[in-house]
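First comes the structure, then the notes that go with it.
The values are calculated or read from the model by the stated rules, or taken from the named source; none is laboratory data. The model shown is predicted, which means the values in this text are computed figures rather than measured ones. Cβ sites come from the backbone with ideal geometry, for glycine too, and all protein chains shown count toward neighbours.
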Amino acid sequence: MSHTPILTIRNLSAVFPDNNGGLRALDDISFDVHPREFVCVLGPSGSGKTTLLRILAGLISPTSGSFMFGHGEQPSIGMVFQQANLMPWRTVMDNIKLPLEVISMDSQTARTKAQDMIELVGLQGFEDSLPRDLSGGMAQRVAIARALIHDPDLLLLDEPFASLDAMTRERMWTELSRIWQARQKTVIMVTHSINESLFLADRVLVLTQRPGKVKLDLKVDLPRPRKDDIRYTSHFGRLARKLREAIE
């Protein structure tokens, strides 16, 4: 892992106007993220996790503080939300190709790249399916493929598996871990789940109740690639206890 951070966040705060002097969502957040690192942001509802992601994606501005990418250049960013947000009239192939159409890439190159992504996320045979014919897990695979197709420097995931049932969600952890190993992207993922964060991340940041501050920055020293049964080891249990204590 490179010693130069891809992302440096310093004293970041976010206050939303309301009738009561402003709602403080984030308070003085500072941390670094290194290239190819997988960081999970964990915390109770209302701790500002999604606000942090939206700031990094450029969707909203912080009230104070700063964040800088690498040497100051704006990176390309892919984002996956809780809902897959697929266009219902477009096939799997056409949904995944969409970011390349936006930049006017020639259609044959775009198709080839989209087919590579379809194979990466394990959706061969579903190229011509419409979103209504996909399960929730399959729809999120399409969303992940669409977010990765322009080869972003940074992938932001906002509780991408929150709406899935428990069994599908756990299967998606293994899938996402495999995709991350294959593509070696820098990832920041927001989650409510202690087990999800430990299974996926190199580091877990725990935010406090609103206003969110960084309460714990935990290195996850579990070997990779991670198999499902790692969750039943004593070390996984010890790390989970540390996270649970920090959240409570």
With respect to E196, is the statement that it is surrounded by fewer than 16 Cβ atoms within 10 Å (Cβ to Cβ) and either under 16 Å from the mean Cα position of the chain (by Cα) or not in a helix (DSSP H, G or I) (or both) true? no
Taking the range 179-205 and keeping residues farther than 14 Å from L148 by Cα, in contact with a Leu (Cβ under 6 Å, 6 or more places away or on another chain) and among the hydrophobic types (A, V, I, L, M, F, W, C) leaves M189, V190, I194, L198, V204
Residue hits (the range 81-98; in contact with a Phe, Trp or Tyr (Cβ under 9 Å, 6 or more places away or on another chain), over 23 Å from L59 (Cα atoms) and in a loop (DSSP other than H, G, I, E, B)) are T91
By residue number, the members of the range 8-38 that are touching a Gly at 6+ places or on another chain (Cβ under 8 Å) and either of a type outside the set (G, A, S) or exposed (fewer than 13 other Cβ atoms within 10 Å of the Cβ) (or both) are I9, R10, N11, L12, V15, F16, L26, D27, D28, I29
Residues of the range 223-237 being part of a helix (DSSP H, G or I) and either outside the structural domain of W173 (by TED's automatic domain parsing) or among the charged types (D, E, K, R) (or both), in sequence order, are D228, D229, R231
Review point. Would you call L52 in the same structural domain as M189 (by TED's automatic domain parsing) and part of a helix (DSSP H, G or I)?
Key: yes
Note: among A201, A182, just one is closer than 24 Å to F69 by Cα and surrounded by fewer than 18 Cβ atoms within 10 Å (Cβ to Cβ), namely A182
Flagged in the range 225-243 as at pLDDT below 95 and in contact with a helix residue (DSSP H, G or I) (Cβ under 7 Å, 6 or more places away or on another chain), in numbering order, are P225, R226, D228, I230, R231
Note: among R171, R178, R183, just one is in the same structural domain as S47 (by TED's automatic domain parsing), within 18 Å of P35 (Cβ to Cβ) and among the charged types (D, E, K, R), namely R183
Open item on the list: Among the residues in the range 112-125, are any more than 20 Å from the chain's Cα centre (by Cα), on the phi < 0 side of the Ramachandran plot, modelled with pLDDT under 90 and not hydroxyl-bearing (S, T, Y)?
Closed with: no
**OP:** Return a yes/no flag: does the range 167-179 have any residue that is over 30 Å from A110 (Cα atoms), outside any helix (DSSP H, G or I), without any contact (Cβ under 8 Å) to a residue 60 or more places away in the chain and not charged (D, E, K, R).
**Re:** no
Counting only residues that are small (G, A, S) and more than 23 Å from A57 (Cα to Cα), the range 1-23 contains a total of 1
Residue pairs within 8 Å by beta carbon, gap of at least six or interchain, first lying in the range 201-217 and free of Cβ contacts under 8 Å to residues at least 60 places away in the same chain, second surrounded by fewer than 19 Cβ atoms within 10 Å (Cβ to Cβ) and charged (D, E, K, R), listed first then second, are L216/K242
Matching residues in the range 114-158 (closer than 16 Å to R183 by Cα and not in a helix (DSSP H, G or I)) number 11
Matching residues in the range 1-42 (at pLDDT 90 or above, closer than 25 Å to S193 by Cβ and part of a loop (DSSP other than H, G, I, E, B)) number 3
Those residues of the range 103-150 which are polar (S, T, N, Q) and in contact (Cβ under 8 Å) with a residue 40 or more places away in the chain amount to Q140
